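This report concerns only the one structure given below.
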Amino acid sequence: MSASSLGNITSLSGRRWVWREAEERIGLGIAQRLGVPEILGRMLAARGVGLEAAQDFLNPTLRALLPDPSVLVDMDAAAERLAQAVRRGETVAVFGDYDVDGACSAAVMTLLLRGLGCRVLTHVPDRLTEGYGPNLPALQALAADGASLIVCVDCGTAAGAVLAGMAGRADIVVLDHHKSEGPPPDVVATVNPNRLDCQSGLGHLCAGAIAFLTAIAVVRALRRAGYFAGRAEPDLLALLDLVALSSVCDVMPLVGLNRAFVHQGLKILGQRRRPGLAALMDAAGVKERPSAMTLGFALGPRINAGGRIGDSGMGLRLLLTEDEVEARALAQTLDSVNRQRQMVEADMLADALEQAEAQLAAGHAAVLVAGAAWHPGVVGIVAGRIKEKFNRPACVAGIIDGLAKGSGRSITGLDLGAAVIAARQLGILATGGGHAMAAGFSLPEGGLAEFHAFLDERLAAARSYPSAADLLVEGSVAVPGCTVAFAEQLARLAPFGAGNDEPTLVLPRVRVVRADRIGKEGATVRAFLEGEGGGQRIKAVMFRAKDGPVAEALLQPRGAPLHLAGHVRVEEWNGNISANFIIQDAALI
């Protein structure tokens with residue numbers, strides 16, 4: 001069935017199903033050249049993949065996609081100073097951040113330098129007492145403990161004034177990816193593809209990826225200096241599980257080099273080489289072959305939980321440990337802290353959603369909600385939930401001692417980071433920064449109304465957005481076409497994530513033969529479907545389907561026929577392999 005025969009659809013959830021257009025000629029050419037189904041060729045073309053790039057997209061390798069690290073400004077200077085530290089046997093400190101990217105990039109540099117013989121100190125700031133980025137007391141303590149070189153990872157670009165205070169006490173190298181508003185700090189090197197004078201074209205990389213490219217450059221510098229004569233070179237590929245984890249959890253677009261990092265990193269993760277990640281997969285109940293979803297939904301939230309409401313350095317310790325007993329203990333603690341985080345989030349979310357609904361009913365373009373003592377480590381997650389529910393930019397702040405500290409999430413097409421930076425520059429905010437889709441800020445409690453009015457003005461276009469985000473659909477498939485072979489072909493587009501969504505297909509004119517609720521608190525609906533004319537059936541599931549019109553429609557066996565939108569995936573259970581349909585939405589015919 002073609003897209004045109006179905007036309008535009010508005011679903012039971014209020015979402016419009018919008019067909020992703022593709023250049024048919026390019027799609028057909030890709031299918032013929034690579035010997036793949038035509039629908040797969042069309043999907044590649046719709047993702048902007050050309051004929052020459054299609055092979056590398058389906059089989060992303062570092063050999064084909066890895067750039068020369070020297071294309072990054074200051075990379076050669078950074079690599080030479082780090083190589084010098086190795087040759088001299090210096091003590092090096094790694095200053096990280098409390099999120100997954102910060103932990104992974106810190107782990108990459110720590111493992112590299114320790115493997116090369118350096119004594120390495122690490123510091124991850126406490127979110128509540130130190131905040132984000134380098135602070136002078138922590139840096140001075142590292143220098144006092146013997147560090148002659150400090151490497152700031154996933155932070156430092158905007159900390160020029162703080163880093164200047166270390167002049168004469170320790171050299172500084174910054175490995176970062178956050179956007180810069182002005183000149184880089186006056187340090188040995190600032191390697192950041194998003195600094196204003198860097199033309200590398202690698203601005204889509206996270207700090208973990210920048211740290212990995214730095215590791216390559218350091219090993220190359222040591223090789224050129226003859227350091228490895230009689231010594232074994234480090235196995236840098238073994239670090240790719242960390243790079244994959246940071247790329248997915250920092251929501252980097254899974255295109256180009258990032259695809260290669262995640263594709264290859266998942267292979268390393270599947271080998272369970274790293275005790276901490278193996279233990280964390282066990283704690284999270286991950287039994288299947290790891291995927292990008294494993295990184296983003298099982299491992300990432302648990303590592304983040306330490307920095308959000310627990311011990312900020314716990315995630316890094318988990319990634320660094322080689323002791324399986326310690327790894328299990330840390331993994332179990334992080335799993336427990338993550339459950340606490342979920343409870344804290346649930347307590348905040350109900351109140352935040354109520355405030356958001358009232359604000360939107362009053363005509364606000366953007367949401368800005370706040371609560372006394374709301375935990376600053378959870379406000380970003382709650383902002384994301386509000387954004388998803390209402391399809392509006394959302395900012396959430398916790399108020400402690402008269403100061404509101406918060407985080408925001410935006411929707412495609414509206415640059416929240418630019419709005420927050422502008423508010424800070426106008427004196428509305430005490431602090432603020434971010435990028436198009438996410439931002440952080442702080443201000444006195446009394447200034448919240450002014451900030452909200454500013455957001456409404458800057459993000460006024462949000463009022464014209466639909467109340468639910470459009471669902472991008474890439475094709476349709478009948479029930480008999482939902483085979484294991486077809487699902488395996490679609491899986492060749494993985495890893496899925498930001499910039500490369502899992503294909504959403506329409507299963508047209510199906511009836512629910514049988515349906516029930518399963519899982520914790522019955523939050524998952526399981527249904528058995530048949531197409532027009534009966535015959536072959538397929539199992540389908542819908543997650544997070546507690547209430548609402550979609551769940552109601554599915555739970556009416558032999559009710560009205562439906563169009564369903566979702567994903568076709570392979571499922572392996574008790575040795576049996578089948579194709580399942582993962583329901584995202586439904587529409588009445």
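Quick notes on this structure:
- Estimated Rh, region 280-433: Kirkwood, alpha-carbon pairs, angstrom: 17.1
- For region 130-242: rounded, prolate or oblate by the Cα gyration tensor [a/c cutoff 1.5]: oblate
- Were the residues from E532 through D516 laid out at 0.36 nm apart, the gain over their Cα-Cα distance would be 3.6 nm.
- Calculated FRET efficiency, V71 to R25, Cβ-Cβ distance, R0 = 35 Å: about 0.55 to the nearest 0.05.
- Secondary structure note: in the chain, about 60% of the DSSP beta bridges are antiparallel.
- Of the peptides 83-93, 129-139, 551-561, 256-266, the order by per-residue mean of other Cβ atoms within 10 Å, starting with the highest, comes out as 256-266, 83-93, 129-139, 551-561.
- Pair L403, W573: separation of 7 Å Cα→Cβ label points (nm): 5.1
- For semi-axes √(5λ) of the Cα gyration tensor in Å, the value calculated from this model appears in (1) 41, 33, 27; (2) 41, 30, 23; (3) 67, 33, 23 under label (2).
- Stretching A373 away from E445 to a fully extended chain increases their span by 24.7 nm, per 0.36 nm per residue minus the current alpha-carbon distance.
- Ordering of 339-349, 514-524, 416-426 by packing is 416-426, 339-349, 514-524, highest average first (other Cβ atoms within 10 Å, averaged per residue).
- Here's the picture: a label point sits 7 Å out from the Cα of D186 along the beta-carbon direction, and within region 159-176 the residues with their amide nitrogen under 17 Å of it are 159-174.
- Percentage relative contact order, region 363-464, counting C-alpha pairs under 8 Å, at least six apart: 27
- Annotation: peptides 215-222, 467-474, ranked by per-residue average of other Cβ atoms within 10 Å with the highest first, follow the order 215-222, 467-474.
- A straight line joining the Cα centroids of region 333-378 and region 119-141 runs 28 Å.
- Using R0 = 35 Å, the C-beta based FRET efficiency linking A460 and E552 works out to 0.50.
- With neighbour counts taken as other beta-carbon atoms within 10 Å, the residues S312, S291, S442, S105 rank, fewest first, as S442, S291, S312, S105.
- In this structure, the amide hydrogen of S13, modeled 1.01 Å from its nitrogen in the peptide plane, lies closer than 5 angstrom to those of A586, counting only residues at least 5 positions away or on a different chain.
- Spherically averaged projected area of region 227-371 from its Cα convex hull (nm²): 12.4
- Per-selection Rg to Rh, region 460-505 - Cα, Kirkwood hydrodynamic radius: 1.14
- For region 452-559, applying the loop criterion from DSSP together with a ceiling of 14 other beta carbons within 10 Å to the chymotrypsin sites (Phe, Trp or Tyr not before Pro) yields F543.
- Sequence-distant residues sharing a close amide H with D501 (under 5 Å, placed H): none
- Among L28, L443, G285 the positive-end extreme of the charge dipole of the chain (Cβ point charges): L28
- Rounded if a/c under 1.5, otherwise prolate or oblate - region 467-589, Cα gyration tensor axes: rounded
- Net lengthening on full extension, S336/A523 (0.36 nm per residue, minus Cα-Cα): 65.2 nm
- Among beta bridges from DSSP that stay inside region 363-464, the antiparallel ones total about 75%.
- Likely footprinting exposure, C104, C395, C206, C482, fewest C-beta neighbours within 10 Å first: C482, C206, C395, C104
- With Cα atoms as the point set, the radius of gyration and Dmax of region 69-271 evaluate to 15.7, 47 Å.
- Dividing the mean sequence gap of close Cα pairs (under 8 Å, 6+ apart) by how many residues the chain holds gives a relative contact order of 12 percent.
- With neighbour counts taken as other beta-carbon atoms within 10 Å, the residues L299, L40 rank, fewest first, as L40, L299.
Since every read-out is calculated from the coordinates, none of them should be taken as a lab result. Predicted model, so just to flag it, every value in this text is computed and none were measured. Quick reminder, even Gly has a Cβ in these numbers, built from the backbone with ideal geometry, and neighbours come from all protein chains shown.
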